[in-house]
Amino acid sequence: MIKFKCYRCIHCCFFVTPNDYPVLLKEEVNRLRNLAKKYNVNVTFKKINDIFYMWVINGFCPFYDVKERRCLIHNEKPLSCKIFPLLLNIKTREISASMMCDWVAKNIKVITNLNLQEVFPDEVKALIELYKRIVVLRGGGP
């Protein structure tokens, strides 16, 4: 069985348009603000609604070490980063795989009909956690 392996290709950590920006939960915004102070970086967020915020990033994520090609907050990064290369459309609840990811682009023909949980076990685990948190924030309803 084929399993996702991050190539450290930078595409998940580089943002060009608002459509690319990560969507976060309020608790993640607060955590990132604290981490920004620790790492002496600037972070900007735009409130979408009572549950979601958009992390406004133009270029590389402020927590991305370009030289080392790694995340400085890997263990503390938001769920939208943890689920990548999977993408969740918060309006339609559709899940897709990002073709911006070099691994997905290379393996798309092979993975198209496979079980997402087998191919992306860690990312699906984070996706389930995200769904659970959204349900709690919405008061237990869908």
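Below is a table of values for the structure above.
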quantity	calculated
Within the stretch 12-26, considering residues that are in contact (Cβ under 8 Å) with a residue 60 or more places away in the chain and assigned to a strand (DSSP E or B), the one most open to solvent (accessible area, probe 1.4 Å)	23
The stretch 113-126, residues that are touching a strand residue (DSSP E or B) at 6+ places or on another chain (Cβ under 6 Å) and either without any contact (Cβ under 8 Å) to a residue 24 or more places away in the chain or more than 12 Å from residue 3 (Cβ to Cβ) (or both)	none
Conditions (1) over 24 Å from residue 136 (Cβ atoms); (2) open to solvent by 40 Å² or more (accessible area, probe 1.4 Å); number of the one not met by residue 9	(2)
Filter result for residue 110 (of a type in the set (Val, Ile, Thr) and either modelled with pLDDT of 95 or more or in contact with a Cys (Cβ under 8 Å, 6 or more places away or on another chain) (or both))	no
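The values are calculated or read from the model by the stated rules, or taken from the named source; none is laboratory data. Source: prediction; values computed, not measured. Positions of Cβ are generated from backbone atoms using ideal geometry, with glycine treated the same way; all protein chains shown enter the neighbour counts. The accessibility values were calculated without ligands, DNA or RNA, using every heavy atom of the protein model including side chains. Shrake-Rupley method; radii C 1.70, N 1.55, O 1.52, S 1.80 Å.
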